[in-house]
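**Student:** Submitted below is the structure of interest, expressed as structure tokens.
The values are calculated or read from the model by the stated rules, or taken from the named source; none is laboratory data. Please read these numbers as outputs of a predicted model, since none were measured by experiment. Glycine also receives a Cβ, built like all others from the backbone with ideal geometry; neighbour counts cover every protein chain displayed.
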Amino acid sequence: MRFKTVKLCALFLVSSVFLPDSMAFGQEVAEPDTIKVKKKPGSKNSKEEENRNVMLNAANNNGPREVNIGLPASVGGTTIMENDLPVVYYFWPELPSRTWRSSVSLGKSGLMGLREQALLTGDFGYAVNSYTKLGGDSLEVAGTLSGSHYGWLKGDVNVSGPIKNGWAYSAGVFVNYDPMTFDPGFTTYSDKTQIYRAGLTKRFSNGKGEISLLYKYARSFALPTNYAAFTYQEGGTIKELGNFRPGLDSYFKRDGLMNMRNSLTGENYQSDMGSSDYGMTSSHTLDLLGNYKLENNWNFKYIVRYHQANVSSTSTTPLAIRQVTAADGFSYKDDGSVYTGAVQTVLGGIILNVPVRTINSRFELNKQAGAHNWRIGITESYHNVDKFTTNRSSYFQEVGAQPRQLLSPTTDADGFYNYNAGAEYHNGFENKITAYMSDAWEISDKFTMNYGVNLRYHKLKGDYYAQPRTANFSFAGQEKSYFNYDWMHMGAAVNLVYKATDNFGVTGDFIYTEKHGQLEDFSGGYKPDYKKTKSPYASIGLYFNSPKISVVSALTYLTRNNYVQRLNLVNPADAAQSNVVYQQYDIKTTGWTTDIVAKPFEGFSLHYLITFQNPIYQNYDFNAFDSAYSFTNNNVLGVSKTLMEIDPSYEFKKWKVWGSARYFSNQFANLTNALYFKGWWETFAGVNYQAKKNIGLGLTVVNILNQNGAKGTINGAELITDPTPYYNSVLTSSYIRPFTVEAAVNFKF
């Protein structure tokens, strides 16, 4: 359940954003479950990025990492594609990790570049693109068995081979049981995911092409995000509480039960966060895809997909923490004893059995003609969400590991209140049709240009409820409102490379995208004030290539307008007074990135990346509590100004030793920039051993430094200018995974 007050656009900016698409350099690192791409430096028609260990995720094992570079990170994470189409149309309400995992059933995975993403989808950001493994001319069995010292177990196997007369098959099973690093007390595994695949491929006897029919069934149960409680210290550091270890203890209330009220019918029910009835999403995906060589050297590539899902999920979001005495009337729910101390307010939510259906397709023609590589294509996406609703309630809990629930004079006898305050609803469909063309033009031996344009039609139609969602609200008997929008968007991308010498040159990029909104914008009970969101991006840089070292250094400029935000504000002069403000604003970021890949001697490789950036708010002004506030030119929340990555590896005989370290500088935690979290490192290391020709072993360590830093924003502190009252106060936030040891066995026959 997404309860963030900020409605963030889906921008997925991995740290190499400042690298032009054609100028990322190669690094051969074979860490378990990482996505890597190998290509020639300076290749003129590259569609993928590399040097990004995107599957080394410091948050969890479930999907690719996300590292933003000046614009707010997407709530849904990095866009994930399979066979050139997104695995889900939009991350909400169906998260991509519920239907996709990195797997041996994928024949290839890579990181799609900014330019390619902008041309194909009309969105600005990076995406992981993967391709389902197809059957070949010989029998092949591949698999991975993985685990950790916390009890994580993953089994992943794929079998493929020929049938006869040009037919081939592929089948795979992925099973994941992950307790994470904490024990919630009401269930053993925080993530239980099963993905089953089957496919048939027919290769034509004339050698001109093939056609495949692929099926995927996924079942995924996942607990909501776990949080950490700690004491905030001056200087942006945290101090552990005596009864809570960040990352190692559960902040879910002990029994996992939440009382809810159906927002459509008004009926009461009890949900269980540990039950598959409330946290399971199941989906079916059917792909028809293929390629064929036409006359005059044209190649035809196509895919049509039908995807349907039944989405259920739970969430808990910690809000304010306050200190109470016996006079405040708090008591433990389980035994009725009086409670004094820190009280955490929690917002709970349920999405229950929401049907989602999507039909996607992509048709593309490409041809190499002299100095040009032409590409012409069209994509179509229809997405229907049937009566999306969220049910909500609030409750109190103590601050501690597996906290006990509290009763107060404001709760009912079961300890809940504010039923469906802020409940969500939307219903309808979206349809997007995009036409695109691109050309990789080798103008001369010194000068190349990649360019492309797209034109997109976007239809948005459905219904919503405009009524305010106060406590005990129900949609039953309320009058619906309707919306019907049609938009045209355009996009463009240009990459220029000038080779001054065989080793040295200049590169430049320009990318432009446009968009409006999506169905979920209507969930909150108000009609969005839609304005066109524009994202112009420009970079210019220098590169140097040699057998021992490759370097690219680039300056960039990026803006994005019309971020939509709902702020839950607390009056800095009266903490008992709060207000909700609907706000739109812009962001501008400039930066400088240098990326280096060095191979000074045989077997050793070092990747180093450093980024300096200055993301700031623009046009951020509003009134609240009879005062005018302006945050224009303030630093963007939750975004570091300095990012660094260091990735060494050494390979000798049957061994490979590797490491990965990422640094994030201070991140501001409130709008006035008075509060911040101190910078931190995310660290990984591992060793791989090729025991036999067909069997490999891997050992990975996550968070070698065992850091426990915090990140995110501080609720209720948006407008404060004096940070002193927050020093030595108990707060909550997200965290990185604690020290973890993982092992894997890979086999291929």
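**Student:** So which of 119, 134 ends up being in contact (Cβ under 8 Å) with a residue 40 or more places away in the chain and not in a loop (DSSP other than H, G, I, E, B)?
**Tutor:** Answer to the selection: 119.
**Student:** Another question, then. Give the residues of the range 630-669 that are among the aliphatic types (A, V, I, L, M) and in contact (Cβ under 8 Å) with a residue 24 or more places away in the chain, sorted by residue number.
**Tutor:** The answer is 636, 637, 639, 643, 644, 646, 657, 669.
**Student:** Determine whether residue 331 is surrounded by 15 or more Cβ atoms within 10 Å (Cβ to Cβ), under 28 Å from residue 83 (Cα atoms) and among the hydroxyl-bearing types (Ser, Thr, Tyr).
**Tutor:** Values: surrounded by 15 or more Cβ atoms within 10 Å (Cβ to Cβ): yes; under 28 Å from residue 83 (Cα atoms): no; among the hydroxyl-bearing types (Ser, Thr, Tyr): yes.
No.
**Student:** What single numbered condition from (1) polar (S, T, N, Q); (2) more than 30 Å from residue 183 (Cα to Cα); (3) in contact with a strand residue (DSSP E or B) (Cβ under 6 Å, 6 or more places away or on another chain) fails to hold for residue 444?
**Tutor:** The one condition residue 444 does not meet is (3).
**Student:** Sticking with this one: Under the condition of being outside any strand (DSSP E or B) and among the β-branched types (Val, Ile, Thr), which residue from the range 469-511 is surrounded by the most Cβ atoms within 10 Å (Cβ to Cβ)?
**Tutor:** Looking at residues that are outside any strand (DSSP E or B) and among the β-branched types (Val, Ile, Thr), I get 470.
**Student:** Do we find that residue 623 is crowded, with 17+ Cβ neighbours inside 10 Å and within 30 Å of residue 426 (Cβ to Cβ) in this structure?
**Tutor:** For residue 623, the condition - crowded, with 17+ Cβ neighbours inside 10 Å and within 30 Å of residue 426 (Cβ to Cβ) - is not met.
**Student:** In the range 706-749, what count of residues is obtained for those that are among the aromatic types (Phe, Trp, Tyr), surrounded by fewer than 21 Cβ atoms within 10 Å (Cβ to Cβ) and farther than 30 Å from residue 621 by Cβ?
**Tutor:** 3
**Student:** While we're on this one: Only one of (1) over 30 Å from residue 537 (Cβ atoms); (2) modelled with pLDDT under 95; (3) within 26 Å of the chain's Cα centre (by Cα) is not met by residue 148, so which one is it?
**Tutor:** Checking residue 148 against (1) over 30 Å from residue 537 (Cβ atoms); (2) modelled with pLDDT under 95; (3) within 26 Å of the chain's Cα centre (by Cα), the one that fails is (2).
**Student:** Here's another thing I want to ask about it. Residues in the range 641-649: is at least one surrounded by 16 or more Cβ atoms within 10 Å (Cβ to Cβ), over 27 Å from residue 535 (Cβ atoms) and more than 23 Å from the chain's Cα centre (by Cα)?
**Tutor:** yes
**Student:** Something else: Quick check on my filter: what residues within the range 181-208 are crowded, with 18+ Cβ neighbours inside 10 Å and touching a strand residue (DSSP E or B) at 6+ places or on another chain (Cβ under 7 Å)?
**Tutor:** 181, 189, 190, 191, 192, 193, 195, 197, 199, 201, 203
**Student:** Which one of these does residue 517 not meet: (1) part of a loop (DSSP other than H, G, I, E, B); (2) free of Cβ contacts under 8 Å to residues at least 40 places away in the same chain; (3) crowded, with 17+ Cβ neighbours inside 10 Å?
**Tutor:** (2) is the only condition that residue 517 fails.
**Student:** Can you give me the ranges of the strands (runs of 3 or more DSSP E) entirely in the range 538-637 with at least 3 residues that are over 30 Å from residue 650 (Cβ atoms) and charged (D, E, K, R)? Break it down into steps so the answer makes sense when it comes.
**Tutor:** Working: elements: 549-571, 574-598, 604-613, 616-618, 621-624, 627-630.
In the range 538-637, the matching strands (runs of 3 or more DSSP E) lie at 574-598.
**Student:** Looking only at the range 407-464, count how many residues are in contact with a Ser or Thr (Cβ under 9 Å, 6 or more places away or on another chain), of a type in the set (Gly, Ala, Ser) and outside any loop (DSSP other than H, G, I, E, B).
**Tutor:** Residues in the range 407-464 being in contact with a Ser or Thr (Cβ under 9 Å, 6 or more places away or on another chain), of a type in the set (Gly, Ala, Ser) and outside any loop (DSSP other than H, G, I, E, B): 3 in total.
**Student:** Look at the range 556-565 and say how many of its residues are without any contact (Cβ under 8 Å) to a residue 60 or more places away in the chain and either closer than 14 Å to residue 612 by Cα or touching a Gly at 6+ places or on another chain (Cβ under 7 Å) (or both).
**Tutor:** Adding up the residues that qualify gives 1.
**Student:** Let me ask something additional. Within the range 188-211, how many residues are within 23 Å of residue 308 (Cβ to Cβ) and either out of contact with any Gly (no Cβ under 6 Å at 6 or more places or on another chain) or among the aromatic types (Phe, Trp, Tyr) (or both)?
**Tutor:** So the count comes out to 9.
**Student:** Report, by residue number, each residue of the range 256-270 that is part of a loop (DSSP other than H, G, I, E, B) and not hydroxyl-bearing (Ser, Thr, Tyr). Can you show your working first?
**Tutor:** Just the residues of the range 256-270 that are part of a loop (DSSP other than H, G, I, E, B), to begin with: 256, 262-267.
The answer is 256, 262, 264, 266, 267.
**Student:** I've got another one for you. Residue 322 versus (1) surrounded by fewer than 17 Cβ atoms within 10 Å (Cβ to Cβ); (2) assigned to a strand (DSSP E or B); (3) in contact (Cβ under 8 Å) with a residue 24 or more places away in the chain; (4) out of contact with any Gly (no Cβ under 8 Å at 6 or more places or on another chain): which is the lone unmet condition?
**Tutor:** (3)
Per-residue answers, yes or no, for (1) polar (S, T, N, Q); (2) farther than 30 Å from residue 425 by Cα; (3) in a loop (DSSP other than H, G, I, E, B):
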{"position": "303", "(1), (2), (3)": "no, yes, no"}
{"position": "307", "(1), (2), (3)": "no, no, no"}
{"position": "311", "(1), (2), (3)": "no, no, no"}
{"position": "315", "(1), (2), (3)": "yes, no, no"}
{"position": "346", "(1), (2), (3)": "no, no, no"}
{"position": "349", "(1), (2), (3)": "no, no, no"}
{"position": "356", "(1), (2), (3)": "no, no, no"}
{"position": "377", "(1), (2), (3)": "no, yes, no"}
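**Student:** So which strands (runs of 3 or more DSSP E) stay within the range 646-741 end to end and still have 2 or more residues that are of a type in the set (Phe, Trp, Tyr) and under 20 Å from residue 608 (Cα atoms)? Break it down stepwise before answering.
**Tutor:** Values: elements: 655-664, 680-692, 695-702, 729-735.
Because the criterion is at least 2 residues that are of a type in the set (Phe, Trp, Tyr) and under 20 Å from residue 608 (Cα atoms), the strands (runs of 3 or more DSSP E) in the range 646-741 that meet it are 655-664, 680-692.
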